[in-house]
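Since every read-out is calculated from the coordinates, none of them should be taken as a lab result. Note that this is a predicted model, so its numbers are computed, not measured. Here the Cβ positions follow ideal geometry from the backbone for every residue, glycine too, while neighbour counts run over all protein chains shown.
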Amino acid sequence: MAADQPSFPTSIHLSTPNAIRMNRALRMSRRDMLLGAMGAAAVVLGAGRGIAATPEAEDTVAPLFLALSHRLTDRDALDARISSALYARIVKATPARRDQIQKLHDLMAGGKFDSARELAKAAEHADPVFKDVIHDIMTAWYRGVADEKVVVYRSALMFDITKDAIYPKTYAAGGPFYWTQTPPEVAVPTGEPALSPSKFVVEPT
Amino acid sequence: MPSEQDLSADVVIVGSGVAGSSIANELARAGISVIVLEAGPRVDRQHFVDNFRNLENKPSYQGPFPCVPWAEHPPNQITPNKYLHTTGPDAEAYQQVYLRMMGGTTWHWAGCAWRYLPSDFELKTRYGQGRDWALKYDDLEPFYYQAEVMMGVCGPDPAVEDLGSPRRQPYPMDALPISYAAEQFRNLIREKTPYRVVHEPQARNTRPYDNRPTCEGHNNCMPICPIGAMYNGSYSVYHAEAAGAKFVPNAVVYRIERDSANKRVTAVHYYDPDKGSHRVTGKYFVIAAHCIETAKLMLYSADEQSPDGIANSSGHVGRNMMDHTGVQVTFISGDKALWPGRGPLETNVIDNFRDGDWRNERGAYLVHMVDDNQVDLATALAISKGYVGRELEEQIRYLASHTVRLFSHNEGLADPDNRLTLSATYKDALGIPHPEVYYKLPEYTVKSCDHTRGLFKDLIGLMHGTDEQWTPGYFPQDHPAGSTIMGTDPKDSVVDGFCRTHDHENLFIASSSVFSSVGTGNITLTVAALALRVADTLKKELTHA
């Protein structure tokens, strides 16, 4: 009875959800997993030390992505390693983004933009595709997500700007019953959006 | 994998969730030999935590728990579904999720540990609706307490906050202090409405308990508590194993064998992942495989002796599918910052609609103000609105601190037409059919949901809310019940008041599948109490034997 049945590795549940998503047939091999891990390691090493000969490490657009990110987040300090990882994932998912990021950087370099809002507004006016590029960049830095994959979790900027009030899930460090304390008040925002609105769809669970 | 030789024990249990593992623990401690067969794998907590952190769709409660091909479970609540195939006018409202793995679905529950109300057991007698159980609240009360001690339940002092289910002992632990957000909500309800917000009883530590730590408020009870401050079935597995119970993972039971008289179960048969078949004999058998999988197994075990399935002379196996199908809305409060998501996920409830004379025409319900970290949702929403840079950061802080989510558990009703059958189209890797459920929301529940929507609209108004996002249609609550319904008459029920099947004297069912009505409180504590009552019966019978 057993002979004609497929045999599944009993460790198959150890695949991560992202890995499962990449391979819905649940046939991920050990070789695939090793190659995936090696690729990820190469990106990190390449970004940090410039030694690994990966396409990402040599990509001349990667530094432009970081420069654009500074402007679009209105932040002077961003982590270059995270930038490399986010950029690599965005371009891997949508290769056309490389060229679009280059052009968006050209637009920034060719003008004077004192804020993220000014640049974003001008960019969408120049070419509607830049709206998608900027969405990708915002989603990457603030949610830590690119290509529907978690690139960073705790280091996503959304947690940096809320850290005086709340912890990322699974990383609470306030001690028992910290939640009874009064959190900071938040004023009603006065800033305007830069881009035209998009339909907001809550991901199905 | 076990060897090909037959396994045998006094009691053989199918399923290692809270029901199966707690029975195993009780019996093993009484010196009774126990084998528990679990269809899914054994995975440790840290692996699920890692999976969660790497999950993009954080609200996906099934996400960190990928299934194995030999024990599939629903991957999500999306219709059409890859495993639980729902049909009928309210197919999407019955998209339940659950887990098939060691420890069961309480890996991702929120620890809400409600006792049912006395009236919940007598719905027909008191309100002329649905069905009565074949037991009363008082029959279950000692086992409710035993379950609360087993899990470690914290809850309010009845003298201060009476939740309507009479208690002979106080809760094992003091009530959990509610969050700032919940406190603001409670104040609003007290000052502006005739209703009240109560502390939700929870299987969550407010002090070190059972060698598990005090809750640290990671806000991740669902899908996975990172530190084990919240009880889940795996702890009963570990306790039962320490007492000598044997747990076999990756053992997919597919057949229930009976004697020639079809009165006693003699063995169950399971497949290992390679479809090698194994036979396990015993004196007593307990199916504790979750409402949906229990009915599926009993139907799939049909043979010449029982062509409609095991324990199914009534024809009610797979029928009477119920849930707390509810209503959900998210909105932005116009009042002070709440910062939901500090502390555990579900801590407070409006309980005024759990019972009342109106239950003769519409179902009861309860309301959760979900204390859920909204930072990620706020960020995605603010980006979609077109904000960037400094203005985006302002929006994230504002939305994350002002987002409110309300949802309700609305009372279902036993309707034989709401029915689970074996899929004629879809099979798993072992060739076992997927479950299929026809679901039409009972009018009783529709009226209840309509009432809830009215309440939610009032609350949104009181909180000066904007940006309402209503979950379309109805909201499945993953509290399936009724598929092997309890009753006194073997002609229209599957088990008696002790959860023993009418048809087979040594076959018991420990699951929400035996519920005759579904009330409003989360089902797990009642599942555990019924299971402990099964253990009590088995101990008495095996000891006297």
Reduced Cα scattering model of the range A:52-205, Debye log10 I(q)/I(0), q = 0.12, 0.14, 0.18, 0.21 Å⁻¹: -0.59, -0.78, -1.17, -1.44
In sequence order, calculated HN-Hα J values of the range B:17-23 (Karplus, 6.51, -1.76, 1.60; Hz; x Gly/Pro): x, 4, 5, x, 6, 6, 5
Neighbour net charge for A:Leu64 - beta-carbon separation under 12 angstrom, K R +1, D E -1: +1
Separation in nanometres of the label points that stand 7 Å from Cα toward Cβ, at A:Glu185 and B:Asp210: 4.3 nm
With Cα atoms, 0 to 90° folded angle of helix B:443-462 axis to chain B main axis: 30 degrees
Length-normalised contact order for the range B:7-544 - Cα pairs under 8 Å, 6+ apart - percent: 23 percent
Lysines with Cα under 23 Å of B:Lys58, excluding same-chain neighbours fewer than 8 positions away: A:Lys92, A:Lys149, A:Lys163, A:Lys169, A:Lys199, B:Lys82, B:Lys385
Charge context of B:Lys440, other residues only, Cβ under 15 angstrom, K/R +1, D/E -1: -4
Amide H contacts of B:Met101 (H built 1.01 Å from N, under 5 Å, at least 5 apart or other chain): B:Gly40
Acute angle (nearest 10 degrees) that the helix B:233-242 long axis makes with the longest principal axis of chain B, alpha-carbon atoms: 40 degrees
For B:Ala414, distant residues with modelled amide H under 5 Å away: B:Arg131
0 to 90° range, to nearest 10: angle between helix B:375-384 axis and chain B longest Cα axis: 60 degrees
Given charges at beta-carbon only (K, R positive; D, E negative), |dipole| of the protein assembly as shown in Debye: 860 debye
Per-selection Kirkwood Rh - chain B (Cα, Å, 1 d.p.): 23.5 Å
Under 15 Å, Cβ to Cβ, from B:Arg168 - net charge with Lys/Arg +1 and Asp/Glu -1: -3
Amide hydrogen neighbours beyond the local backbone of B:Thr86, cut-off 5 Å, H modeled: B:Asn81, B:Val437
Residue exposure sequence - B:Val317, A:Val202, A:Val91 - by fewest surrounding Cβ within 10 Å: A:Val202, A:Val91, B:Val317
Shielding by partners, peptide B:38-46 (average Cβ within 10 angstrom, other chains): 1
Estimated D of the range B:472-518 in µm² per second, where Rh is the Kirkwood radius over Cα pairs and Stokes-Einstein applies at 10 °C, 1.306 mPa s: 141 µm²/s
Reach of B:Lys491 by Cα under 25 Å, taken over lysines that are not fewer than 8 positions away in the same chain: B:Lys124, B:Lys136, B:Lys263, B:Lys296, B:Lys440
